[in-house]
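A.B. asks: Encoded as structure tokens, here's the structure I'll be asking about.
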Amino acid sequence: MTESHPQPPNTIATLILDFDGVVVESLPLKTAAFKKIFSFAPSEHLDAIIAFHLENGGMSRYDKFRHIYANILHEDLSPEQEERLANEYVGLIFDAMLTVPYVAGAEELLRDCSRRLPLYIVSATPEGEMQEIARRRDLTGFFVRIYGSPKTKAECIREILAETGASPEEALFVGDAPNDWQAAYETGVRFVARIPPGDPNRFIGRPGVEGIIENLHELREYLRENICSSRSRTP
């Protein structure tokens, strides 16, 4: 784990995880789905659409659709078109989301940490859909609550802090997108970025990034020194 600045002394009392790109390796699947539903766009627009999608991994699909139409395609987006895009997108990804691989170390981390402190999911996926994916992957037992859109990630984090009574310095949010960092920055919670091997670092120059990990084995080792694991246990 690469530390961006010295570790704060506070013990971690609450762990908040993004889902896509942090718990499961779903970003290639979702990028391919975006490319397919916007395949009607001219190639130069399609390149911009995919670039926007990748830069805004923590944004809800509906906000992405609205931005794409307003700022890339320069077209109106009717509610009917928006719902058609959303339905097509879900049709492309939902079944695959039930079997897409875990990020390395995710299963071990969830089993270990869920016995020692409250865990939460905060995702940009619509909440009902996110909860159904978690249920069908047998993940719900690891989490106190699974959040999704339309609430913003900052709103979800504030609810979690109020529910747990944890101070922002005692809560850690692990995300993989600048929008995740923004939610942590707005709420004052600690932030660790997950960057898969070979991906660009989109967090350069952003204050408050406590560390960078490639997988959840690295996160688990970091948390061993805080609360999730007994130091006497082996990974």
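A.B. asks: Under a point spin-label approximation (7 Å from Cα along Cα-to-Cβ), what is the Glu221-Glu55 distance to one decimal in nm?
C.D. replies: Taking the two extended label points, one gets 3.3 nm.
A.B. asks: Which one, Thr164, Pro28, Met97, is farthest towards the positive end of the dipole of the chain when Lys and Arg carry +1 and Asp and Glu -1 on their Cβ?
C.D. replies: Farthest towards the positive pole: Thr164.
A.B. asks: Using a Debye calculation, one point per C-alpha and no hydration shell, please list log10 I(q)/I(0) for the chain at q = 0.17 Å⁻¹ in order.
C.D. replies: At q = 0.17 Å⁻¹ the computed log10 ratios are -1.28.
A.B. asks: Among rounded, prolate and oblate, which fits the range 70-193 when a ≥ b ≥ c are the square roots of the eigenvalues of its C-alpha gyration tensor, a/c under 1.5 means rounded, and a/b larger than b/c means prolate?
C.D. replies: Here the range 70-193 falls in the oblate category.
A.B. asks: In addition: Give me the number: length gained by fully extending Asp138 to His45, i.e. 0.36 nm times residue separation minus the C-alpha to C-alpha distance, one decimal in nm.
C.D. replies: 29.6 nm
A.B. asks: Remind me, what semi-axes does the range 13-126 give for its equivalent ellipsoid, largest first in whole Å, using sqrt of 5 times each Cα gyration tensor eigenvalue?
C.D. replies: Taking √(5λ) for each Cα gyration eigenvalue gives 31, 14, 12 Å.
A.B. asks: Measuring from label point to label point, each 7 Å out along Cα→Cβ, what is the Leu29 to Arg206 span in nm?
C.D. replies: For the pair Leu29/Arg206, the computed spacing is 2.3 nm.
A.B. asks: Between Ile195 and Ser167, how many nm apart are label points set 7 Å from Cα along the C-beta direction?
C.D. replies: Simple spin-label model gives 3.0 nm for this pair.
A.B. asks: Restricting to the chain, compute how many DSSP beta bridges are antiparallel as a %, nearest 5.
C.D. replies: Of those bridges, close to 15 percent are antiparallel.
A.B. asks: Follow-up. What chymotrypsin sites (Phe, Trp or Tyr not before Pro) in the range 52-144 are in a loop by DSSP, with at most 12 other Cβ atoms within 10 Å of the Cβ?
C.D. replies: In loop regions of the range 52-144 (DSSP not H, G, I, E or B), there are no sparsely surrounded chymotrypsin sites (Phe, Trp or Tyr not before Pro).
A.B. asks: Return the loop-located GluC sites (Glu not before Pro) in the range 61-118 (DSSP other than H, G, I, E, B) with at most 12 other Cβ atoms within 10 Å of their own Cβ; answer none if there are none.
C.D. replies: Glu75
A.B. asks: Now for a separate question. To the nearest 0.05, how large is the calculated FRET efficiency for Leu98 and Lys151 if R₀ is 30 Å and r is the Cβ-Cβ distance?
C.D. replies: 0.80
Coordinate-derived values only; no laboratory data. None of the values given here were measured: they were computed from a predicted structure. A quick note on method: Cβ atoms are made from the backbone with ideal geometry, for glycine too, and the neighbour counts reach across all protein chains shown.
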